[in-house]
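Worksheet: the structure to be examined is printed underneath.
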Amino acid sequence: MTLKIRFLNSQSIVSGLALLGAVTGNTALAQGTAAPGTITVQVNKPGAPIAKTMYGLFFEDINFAADGGLYPELVKNKSFETDENLVGWRAIKGAAALSTYLVSSQQPISATNNHFLRLTTPTASPDAGFINEGFRGMGVKQDAEYTFSVYLRKGPGNVSGLNVTIEEPGRGGNGPEAASSGKVLAETKITGLTNEWKKYTAVLKSSGTAAKARLKITMEGAGTIDLDVVSLFPKDTWQKRENGLRTDLVQLLKDMKPGFLRFPGGCIVEGRTLDERYQWKETIGDVASRKPLINRWNTEFKHKFTPDYYQSFGLGFFEYFQLSEDIGAEPLPILNVGMACQFNSAELAPITASGPNAGNAATGDLTLDTFIQDALDLIEFANGATSSPWGAKRAAMGHAAPFNLKYIGIGNEQWGPQYLERYEPFAKAIKAKYPNMQIVSSAGPSPDGPLFEAASKRLGVLKAEFVDEHYYAKPEWFRQNVGRYDNYPRTGPKIFAGEYAAQSVAIGSPDNKNSWDCAISEAAFMTGLERNADVVNMASYAPLFAHVDAWQWTPDMIWFDNLKAYGTPNYYVQKMYSTNAGTTMLPVQMPNNAKNGTDNLFASAVADDKAGDIVVKLVNYSNDARPVKLNLAGVKKMGKSAKAIVLASNDLQAVNSLQEPTKLARKKSSSKYRLRR
């Protein structure tokens, strides 16, 4: 057996997180003047199995996580379908060379994609056109190739083609007074126009690297031309897929070896109103026909007012399932339960056609049955035979094999009787048709209080399988609540710690940082999750992604710009746990039989039966090195030394950045830990 150690230290040698592989005997982990305390790992008394889903990922389209992030389409508002029809687009020099430009719906490409841009110029001009600014610019790399595509239709006049250029902005940048030219990085010309809609494609190779490039399209000749579905997409995508995802961001996720992927988010599932809710059926099929929707986070926070934030749904439910498969995670879709966000409109769909709110102007013909049917259809889409209606749609998108969906969430973080009275018929309908489906239910947005307690009690009576608990709080809350699940009933619902993150300043504050103080406090709390693996089966930090120029919420686990990405200290804590999850919990006895967390020392341990390892995680939230001995009680075989990975800093305010992406990252210890009986 091999012993593996993972240290988390706040200040000195063993301030941090530590994991240990399997061995027998005692191991001194730190030197110091004080006599070392002994931590006993009871290898001979294995506890509960560690669920394969123990550590996973929570994805929400906030902070430009999808469009402008994981989904690498470079053109914003490519189909001109948003409410502010020309968001993302700027006429060159205020459209001086154009006699008219407008968004039209006359004879569109399709019923779902029913808006396009019409340009008219009386005389040929190099300035007769538009610039697309991208998502806070367009990230392009030297020698990388990008597929440009567009639907075009020729109108009156003699327009012979479309000039397409990727360029770095000149003077004036991407703003309202965008200059007509900049440094050209790639260019091509589209010709062969007809009087009918036709798709044109070209590959452009960039001659340079730019984080804030832009796309310029201009008319060749005079007259009228119609444009729609303007796309600039990198050829370098995950798995080289045509509608693939951004490679560096997917790699960061895959490296964590996550047990599950929860999608498409939290409050984004609900929408500010039911009309703005996330509807998965609108996110599958032909990408060009997916109808964009306002992002509910666009104007939620005054400190980050982003009215240009929309969901294109190029990243839709099929792509989420595919991503889950790619990174080896169980898919966990969360669906609307007939309730808009209770922090916004709190709009409700009636439970029955004759019930409360029935037929009101806001909900129209919606009833709870609509939402239940959406859930049943989603399960068929994921798991159904190719001969089934929704299974056939999955197969038509290129995935004949089922996705083997096992879990589904009913509602995000709703609370009160309105949620519970909708949850019951919802869960009953799913179980009637799919009895083996595991359902995740909501206990609300807070980790305590009357509403939380009432929901937890009722869900226990209903024999719910998973209860989703959320907690955003100060770092000290996480250290103080390491024993949160010690006294939970062992026969009730399993816990899904679906959203949690330490807040360095306050919940929702724009000044929150992904500091080492937050990360190590989360690590301490996670020892409590692991020690209670018979109760806690899922856990995920939230939110997952944030664009450095377009975020709404902090802190976040992974930050990126248009070219680069980095993991925060919180990311490395999560990765350390998830890549060392083990298979069986091992009881840990702290020095002098103290409670876990006494004197700011935290520990948990697991056995990895497949690898033959024992993994011990140690967290020292202290200013001083902590002399510690490990006693692995009951081990029959042992190696000669232990492997250690250390995550430590003497600065609790330390953060990573694009400039210093691994300032605080896990490192293999240069020290050797001798094992002896």
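The values are calculated or read from the model by the stated rules, or taken from the named source; none is laboratory data. This structure is a prediction, so every number in the text was calculated from the model and none was measured. Note that we place each Cβ from the backbone using ideal geometry, even for glycine, and neighbour counts take in every protein chain shown.
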query: Would a scan of the stretch 205-223 turn up a residue that is of a type in the set (Ser, Thr, Tyr), in contact (Cβ under 8 Å) with a residue 12 or more places away in the chain, part of a strand (DSSP E or B) and surrounded by fewer than 22 Cβ atoms within 10 Å (Cβ to Cβ)?
result: no
statement: Only one of (1) farther than 25 Å from Gly94 by Cβ; (2) in contact (Cβ under 8 Å) with a residue 24 or more places away in the chain; (3) within 31 Å of the chain's Cα centre (by Cα) does not apply to Tyr200, and that is (3)
Scope the stretch 247-286; condition of a type in the set (D, E, K, R), out of contact with any Leu (no Cβ under 6 Å at 6 or more places or on another chain) and either outside any loop (DSSP other than H, G, I, E, B) or touching a residue at least 24 places away in the same chain (Cβ under 8 Å) (or both); matching residues: Asp248, Lys254, Asp255, Lys257, Glu270, Arg272, Asp275, Glu276, Arg277, Lys281, Glu282
message: If a residue must be at pLDDT 90 or above and either farther than 14 Å from Val573 by Cα or aliphatic (A, V, I, L, M) (or both), how many such residues does the stretch 651-677 contain?
response: 11
message: Among the residues that make up the stretch 485-495, is at least one of them among the small types (Gly, Ala, Ser) and crowded, with 19+ Cβ neighbours inside 10 Å?
response: no
Residue check, Gly398 surrounded by fewer than 20 Cβ atoms within 10 Å (Cβ to Cβ) and touching a residue at least 40 places away in the same chain (Cβ under 8 Å): no
- line: Across the stretch 558-608, the tally of residues that are more than 17 Å from the chain's Cα centre (by Cα) and hydroxyl-bearing (Ser, Thr, Tyr) stands at 6
field: Given (1) assigned to a loop (DSSP other than H, G, I, E, B); (2) modelled with pLDDT under 95; (3) in contact with a strand residue (DSSP E or B) (Cβ under 9 Å, 6 or more places away or on another chain), index of the condition Leu74 fails
entry: (2)
- request: Select from the stretch 287-319 the residues that are closer than 18 Å to Leu74 by Cα, assigned to a helix (DSSP H, G or I) and of a type in the set (A, V, I, L, M, F, W, C) and list them in ascending order.
  value: Val287, Ala288
task: Give the stretch 499-516 a look and list any residue that's buried (at least 24 other Cβ atoms within 10 Å of the Cβ) and either aromatic (Phe, Trp, Tyr) or in a helix (DSSP H, G or I) (or both), or say none.
output: Trp516
- prompt: For Ser125, which of the numbered conditions (1) assigned by TED's automatic domain parsing to the domain that holds Lys199; (2) over 16 Å from Val164 (Cα atoms); (3) part of a loop (DSSP other than H, G, I, E, B) fails to hold?
  reply: (2)
Of the criteria (1) part of a helix (DSSP H, G or I); (2) more than 27 Å from the chain's Cα centre (by Cα); (3) not β-branched (Val, Ile, Thr), which one Pro435 fails: (1)
message: Of the residues Asp236, Asp255, only one is closer than 30 Å to Phe496 by Cα, surrounded by fewer than 22 Cβ atoms within 10 Å (Cβ to Cβ) and of a type outside the set (Lys, Arg); which?
response: Asp255
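Looking only at the stretch 130-166, filter to residues that are assigned to a strand (DSSP E or B) and charged (D, E, K, R); which one of those is nearest to the chain's Cα centre (by Cα)?
My answer is Glu145.
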- prompt: Which strands (runs of 3 or more DSSP E) sit wholly inside the stretch 599-652 and have at least 3 residues that are under 18 Å from Arg531 (Cα atoms)?
  reply: 601-608, 613-620, 628-633
- prompt: Just a yes or no: is a residue in the stretch 514-525 among the acidic types (Asp, Glu) and closer than 30 Å to Lys463 by Cβ?
  reply: no
query: Among the residues of the stretch 85-100, is any more than 24 Å from Glu187 (Cα to Cα), within 35 Å of the chain's Cα centre (by Cα) and modelled with pLDDT under 95?
result: yes
Every residue from the stretch 307-326 that is surrounded by fewer than 18 Cβ atoms within 10 Å (Cβ to Cβ) and not acidic (Asp, Glu): Pro307
